[in-house]
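See structure below.
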Amino acid sequence: MARYQKPDCRLCRTEKTKLFLKGNKCLTDKCPLERRSFAPGQHGRLRKRVLGYAIQLREKQKLKRYYAMSEKQFRLFFEKAERQKGVTGENLLIMLERRLDNVLFMLGFSLSRAQARQLITHGHVRVNDRKVTIPSYLVKEGDLISLKEKTAQNENFKAIIEANKGKSVPGWLQPDWDNFQARVASLPTRQDVTIPVEEHLVVELYSK
């Protein structure tokens with residue numbers, strides 16, 4: 001699978017939206033988007049008219065990059081959302097929010113989704129006391145997410161938890177920072193998705 005290997009901050013500048021790919025740096029004045037809010041490249045400052053297909057593509061790219069997924073992974077999630085009952089766009093967003101790597105990041109158990117994926121693939125994360133090594137695992141209502149005991153005792157990880165204790169956590173998650181675990185109180189709703197995205201444009205793009 002092809003991996004993006006250029007600076008992550010270029011993606012935020014391209015989408016003109018903070019994608020929170022660099023952890024705490026995104027919350028400081030060192031964030032390149034704060035200093036250069038135009039697209040990267042020689043012609044980044046030029047004003048361009050974005051119409052039709054280009055608008056739909058930008059919304060899809062923004063969403064895909066926010067959750068750090070490949071095109072193939074994103075397409076599979078869309079097809080699964082399309083088969084479910086209800087509104088396809090909302091189904092897609094709710095599924096993306098339920099990804100285990102995203103849940104760890106939202107809880108403050110990692111500084112970024114990339115770090116959360118590393119924790120998961122290296123076997124540091126448990127769901128209902130069972131090891132899960134798949135970042136795209138979809139959590140369910142009632143699931144208990146915890147960390148391997150040895151991982152929880154790591155000083156670097158303790159520092160991350162301590163720094164994120166005051167972080168705002170979505171209402172559908174109930175963190176227990178002292179015990180390095182959290183409960184999925186309910187499934188997320190459309191209102192819990194904070195990224196500024198018009199999901200109906202993504203649906204229109206894939207429906208062509």
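The values are calculated or read from the model by the stated rules, or taken from the named source; none is laboratory data. Worth saying up front: this structure is predicted, and the values here are computed from it rather than measured. Cβ coordinates were reconstructed from backbone atoms using ideal geometry, including for glycine residues, and neighbour counts include every protein chain displayed.
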One residue from LEU138, LEU119, LEU144 being of a type in the set (A, V, I, L, M, F, W, C), within 15 Å of ASP176 (Cα to Cα), touching a residue at least 12 places away in the same chain (Cβ under 8 Å) and touching a strand residue (DSSP E or B) at 6+ places or on another chain (Cβ under 9 Å): LEU144
Counted residues, the range 85-127 - those being in the same structural domain as LYS60 (by TED's automatic domain parsing), charged (D, E, K, R) and over 20 Å from LYS64 (Cα atoms): 1
Test: residue in the range 155-171 that is modelled with pLDDT of 95 or more and more than 15 Å from the chain's Cα centre (by Cα): no
Residues that are surrounded by fewer than 18 Cβ atoms within 10 Å (Cβ to Cβ), modelled with pLDDT of 90 or more and either among the β-branched types (Val, Ile, Thr) or farther than 18 Å from GLU90 by Cα (or both), drawn from the range 177-208: GLN181, ARG183, ALA185, THR189
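Residue by residue, here is whether (1) surrounded by fewer than 18 Cβ atoms within 10 Å (Cβ to Cβ); (2) over 30 Å from HIS200 (Cα atoms); (3) free of Cβ contacts under 8 Å to residues at least 40 places away in the same chain holds:
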site	(1), (2), (3)
ASP101	no, no, yes
LEU104	no, no, no
VAL127	no, yes, yes
LYS131	yes, yes, yes
LYS150	yes, yes, yes
ASN154	yes, yes, yes
ALA159	yes, yes, yes
PRO175	no, yes, no
Where a residue in the range 56-81 is buried (at least 19 other Cβ atoms within 10 Å of the Cβ) and its partner, wherever it lies, is polar (S, T, N, Q) and not in a helix (DSSP H, G or I), with Cβ under 7 Å and at least six apart: LYS62/THR17
Strands (runs of 3 or more DSSP E) lying entirely in the range 108-208 (those with 1 or more residues that are among the acidic types (Asp, Glu)): 173-176
Considering residues of the range 133-148 that are within 30 Å of ARG75 (Cβ to Cβ) and hydroxyl-bearing (Ser, Thr, Tyr) only, the residue surrounded by the fewest Cβ atoms within 10 Å (Cβ to Cβ): THR133
Subset of the range 122-178 [under 28 Å from ILE195 (Cα atoms) and β-branched (Val, Ile, Thr)]: VAL125, VAL127, VAL132, THR133, ILE134, VAL139, ILE145, ILE160, ILE161, VAL169
